[in-house]
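Below is one structure; the comments refer to it alone.
The values are calculated or read from the model by the stated rules, or taken from the named source; none is laboratory data. What you see is a predicted model, and the numbers here were worked out from it, not measured in a lab. Please note: Cβ atoms are built from the backbone with ideal geometry, for glycine as well, and neighbour counts cover all protein chains shown. Quick note on the areas: whole protein, heavy atoms, side chains included, nothing else; ligands and nucleic acids left out. Shrake-Rupley method; radii C 1.70, N 1.55, O 1.52, S 1.80 Å.
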There are 2 protein chains.
Amino acid sequence: MITGFEFLLPTKIRYGLGMVKVLGEELRLLKAKNVMIITDKGLVKAGLVSKITELVQKEGLSYIIYDEIEANPKDYNVELAAETARKHSVDTVVAFGGGSPIDAAKAVVVLTKQGGKVRDYQGKGKIKEDCISLITIPTTAGTGSEVTFSSVITDTREKFKFTIKSPAIAAKVSIIDPELTLTVPPLVTAATGIDALTHAIEGYTANCTEPIAEALGLYAIEYIAQNIAEAVKNGANIEARDKMMMGSLLAGLSFSHSDVASVHCMAEALGSLYDAPHGMCNAILLPYVMEYNLPSAEFKYARVARAMGVDETEDSKAALEGIKYIKNLSKEIGLPGITSLNINREDFEHLAEMSVKNGSNASNPRKITKDDYFMLFNKAYNDNYQ
Amino acid sequence: MITGFEFLLPTKIRYGLGMVKVLGEELRLLKAKNVMIITDKGLVKAGLVSKITELVQKEGLSYIIYDEIEANPKDYNVELAAETARKHSVDTVVAFGGGSPIDAAKAVVVLTKQGGKVRDYQGKGKIKEDCISLITIPTTAGTGSEVTFSSVITDTREKFKFTIKSPAIAAKVSIIDPELTLTVPPLVTAATGIDALTHAIEGYTANCTEPIAEALGLYAIEYIAQNIAEAVKNGANIEARDKMMMGSLLAGLSFSHSDVASVHCMAEALGSLYDAPHGMCNAILLPYVMEYNLPSAEFKYARVARAMGVDETEDSKAALEGIKYIKNLSKEIGLPGITSLNINREDFEHLAEMSVKNGSNASNPRKITKDDYFMLFNKAYNDNYQ
C-alpha cells in the first residue's frame, strides 16, 4: 500500500536555453524593488554575475551583490548576508551559483525577515511563512537546491552541518538555463553530476519516498547516465549540458519530496570536518553505500541499473552491475578517491558518529548503525589504496 | 535539445488511504466560512456526500450542497451553480466526484468572482487571479481533473466542448483518498481507468511535452497497467484501488503540464454530440489513434508498451505489441465497442470536423487532418462489427 504523503511545489520552474533573460519579467511579477544578488567570488571573477546585474539594471531596480558565500556555506556567511539585506531593505534575493550560494540564500530569506541566528530555525515549525522573495538561478548541474525547500548550513563552532527546511524558504521562481553551465570545468562537472545522480538514486530509494518522487528520480537517472561522460569530456556540447541540467532538476524535485539517505549523511560529515566539496564527497561514497544497501534495495537498484543502460533482466545481477557501472563511471570521468580529500583515519570514529546523527539517517533503505558507517569509511579508504 | 517550458503546480496534494479526514484542517487553513459542495445526484444517493458534510459540519461552517452537475458538465450547470454561490456568499468550493463535478467546480470558482458566462473565459488571458478557493476530492480513478488547471465544459447551444484553462482555477488543495473509489462499479472502473491510461500516454507523447511530464506519464502507465484488471474484477481490493488512484494522479500531473492529443479530440467530439461518457469514448478510441500515430511515435510507444509489461527489445515490435495489449485489455475488462454509444455514421463528417477544431489537435505527435479523423471514426466503427 502507498503510505500517505503530501506533495507541494512552491516554486515556479522556467527551464530552457537562454531562459535567464526572463529574470526581469519575474522580478516585475514579484514587485521587487531592492534586490540582493547572492553569489560567490568565483562567479564574479568569471564575469558571469554581470549577466545578472545587467538584467536587474534594465528593470531600473536598486541592487547589491553579496559574494562572500563560501563553499559549504557557514552560519556566519548567512547571518552577515541577512544583516546586510536588512540594512539595504532588500525585498528580493536572486541566488546565482551552485549549491552554496543557493542554500545560503534560502537561509537569508528567513533571517532577513524573522531575525536571530540560523541554527534557531532547525527543527519542525520554527520557520514562519513571512520570508522575503527568492529567485534561484543555478550555474551547475548538480545541486537541485534551486527547487528544494531545504538549506544545509555548517555550524562552524560545532563543525556540524545541519538542515533548515520549510516550503516558506523555497524559491518563488527558479530560472534554469543550461547555457550557464557551459564553462564549468571538467572536474566540477563530474563531481556535481554524480551529486545529481546521488540525489536521484537516494530520492528514488529512500524509505520515505512516494511515487511522484520515484518517477522523477528514475527518469533523472537516464538523463544523467546518458550525458555525464560527454559533458565532462566536451563541456561545450550544449545538448549534453542541457540534459545534465534536466537530470539535476528532476533529481532535485525527487529528493526534495522524498529525502536523501546515508550517502549524504557521510558526505555531510566529511564536508563539516574537512570543508570538502559536497559533490565530490557524494561521488566517492555512493557505490559503497549502495553495496551496503543491496540486501534491502535489490529491486530498486536493478531499476536504477537499467535506467543507466545496464542490460540485465535478473534483478540480483542487474543491481550488482549497476554498482560496478557507477564505479567505472567515476573512474572514466576522472573522479579521485577518498584520499584526495586529505582525510585522517583517526577521525573515522567521529565521522561515523556524525553520520548516524544526521537527520536523513532514518531515510536510508537499510537500517544502518555507527559501526556500519565506520566500516564504510574504512572500506572507501582501503579501496583507494588498492 | 529540450524545448523551453514553464512548470507550475498550484495545488497542494494530500494523498493516502483515509486522507479525506483532513478536509476540516484544510478548510481551516483556507479560512473558509461559507462552503459549497459541488457534486452529483448519484453520489448523494449513494450516501457518499454525507462523509463530506459531516467533516464540514464538524468545523462549524455553513454550507450548501449543489448536486445538479450533469455528466459532460453543461454551461448552464456552471452558470446556475455560480449564481447560487454568489447568493450564499460562498468563499470555498469543495468539488466531490468524478471529472464532471470537478471540472464544473473549476469554472464555478471563476464565475462566482468574475461574473459573466463560462464561454467568456475561453482563450488565453481571460481568467484573472481573483477566484474563490477550491478543494478537490476525486471519487474515481481516472479524471486527473483534481490536479489540472483546465475545465472542459459543453456549450449546449453549439453542442461543442470547450476548455477554459488557468492556474487561477486550479484547486488550492486536492485530497486524494483511494478508499472513496471502493464502491465504483466495474464498468465505470474500467472506463475511468482507461481514461487515466489515455492521459498518461497522451501526456507522455504529446508533441509539446517536457521531461517532468514524461517521467510522470511513463510511471503512471506502470501503475495503471498492473492494476486495472484487478480493480475491475475485484473492486474491494484496496491495494489495486490505491494503485489505480495513484496512476490517475500521476497521469493528471503529466497531461496538465503537457497536453492531451487526438484521442481526446475525438472523444470530446463524441461527448459533445451524444453526451457519451468521456472515459468510455477515450477507451474506445485509444488504440486506433495509436495505430495512426505509430510512424511518428514508435520509440515512445515502445516505452509505453514496456511500461505495461510487454517484453520486447525491438522498438517497432514493442510498439505494435503495446497497441495489441491495449485492445486485449479493453476486451478483458469488459469495455464495449463504439456502437455501444448509439452513434450515427452520418455524423462522422461532423465529428471529424469537431475533432480537428479541438484545442489539443496540434499536440498530436503525428499531423492529423479532418480526413484522417473521418477514417479513424470509420475504422473504430467497422471493427466493432467484425
Where the convex hull is taken over the Cα atoms of region B:12-181, what is its projected area averaged over directions, in nm²? 8.6
Mind running the shape call on region B:314-370? Use the C-alpha gyration tensor, a ≥ b ≥ c as the square roots of the eigenvalues: rounded below 1.5 for a/c, prolate if a/b tops b/c, oblate otherwise. oblate
Which percent of the Cα-Cα distances in chain A go past 31 Å? 31
Sort B:D371, B:D91 from largest to smallest accessible area, using a 1.4 Å probe on the heavy atoms of the protein chains. B:D371, B:D91
Note, B:A261: beta-carbon cut-off 13 Å, +1 each Lys/Arg, -1 each Asp/Glu, net -1
Could you tell me how many cubic angstrom of Cα convex hull volume the protein assembly as shown has per residue? 154
Could you pull out the longest piece of chain A with no exposed loop trypsin sites (Lys or Arg not before Pro) in it, calling a site exposed if DSSP puts it outside H, G, I, E, B and it has at most 16 other Cβ atoms within 10 Å? A:160-365
In straight Cα distance, which lysines are under 25 Å from B:K33, not counting same-chain residues fewer than 8 positions off? A:K128, B:K12, B:K21, B:K41, B:K51, B:K58, B:K87, B:K106, B:K113, B:K128, B:K172
Per residue of B:208-216, other chain Cβ atoms within 10 Å number on average 5
Taking the label point 7 Å from Cα in the Cβ direction, how far apart in nm is B:Q57 from each other copy of itself, listed shortest first? 6.7
Suppose we keep just the alpha-carbon trace of region B:45-105; what are its Rg and Dmax in angstrom? 11.9, 33
For region B:197-317, what class follows from the C-alpha gyration tensor (a ≥ b ≥ c being the square roots of its eigenvalues): rounded when a/c is under 1.5, otherwise prolate if a/b is larger than b/c, else oblate? rounded
Cross-link partners of A:K331 among lysines (Cα-Cα below 19 Å; sequence separation of 8 or more within a chain): A:K233, A:K379
Dipole check, region A:12-181, charges on Cβ (K,R +1; D,E -1), about Cα centroid: among A:G123, A:G97, A:V173 the Cα furthest to the positive pole belongs to A:G123
If you put +1 on each Lys and Arg Cβ and -1 on each Asp and Glu Cβ, how big is the dipole of the protein assembly as shown around its Cα centre, in Debye rounded to 20? 1640
How are the Cα pair distances of region B:288-386 distributed, in percent, across 10 Å bins from 0? 15, 38, 37, 10, 0
All other residues with a Cβ under 15 Å from the Cβ of A:R86 taken together, and with Lys, Arg as +1 and Asp, Glu as -1, what is their net charge? 0
In what sequence, largest accessible area first, do B:I37, A:I2 appear using a 1.4 Å probe? A:I2, B:I37
Given 0.36 nm per residue, what is the gain on full extension from B:D130 to B:C208 after removing their alpha carbon distance, in nm? 25.3 nm
Summing +1 for each Lys or Arg and -1 for each Asp or Glu, what net charge is found among the other residues whose Cβ lies under 12 Å from the Cβ of B:A305? -2
Candidate aspartates and glutamates - alpha carbon under 19 Å from B:K74, same-chain residues fewer than 8 apart omitted: B:D40, B:E83, B:D103, B:D120, B:E146, B:D155, B:E158, B:E268, B:D275
Which of the GluC sites (Glu not before Pro) across region B:101-171 are loop residues per DSSP, with 13 or fewer other Cβ within 10 Å? B:E129, B:E158
Cα→Cβ-extended label distance, 7 Å offset, between B:N237 and A:E346, nm: 6.2
Accessible area (Å², 1.4 Å probe, nearest 10) - B:I228: 0
Please give the charge dipole size of chain A, origin at the Cα centre, charges +1 on K and R Cβ atoms and -1 on D and E Cβ atoms. Round to the nearest 20 debye. 840
Computed E for B:M1/B:A362 - FRET, C-beta separation, R0 22 angstrom, nearest 0.05: 0.60
A:F299 accessible area, assembled protein chains, probe 1.4 Å, Å²: 120
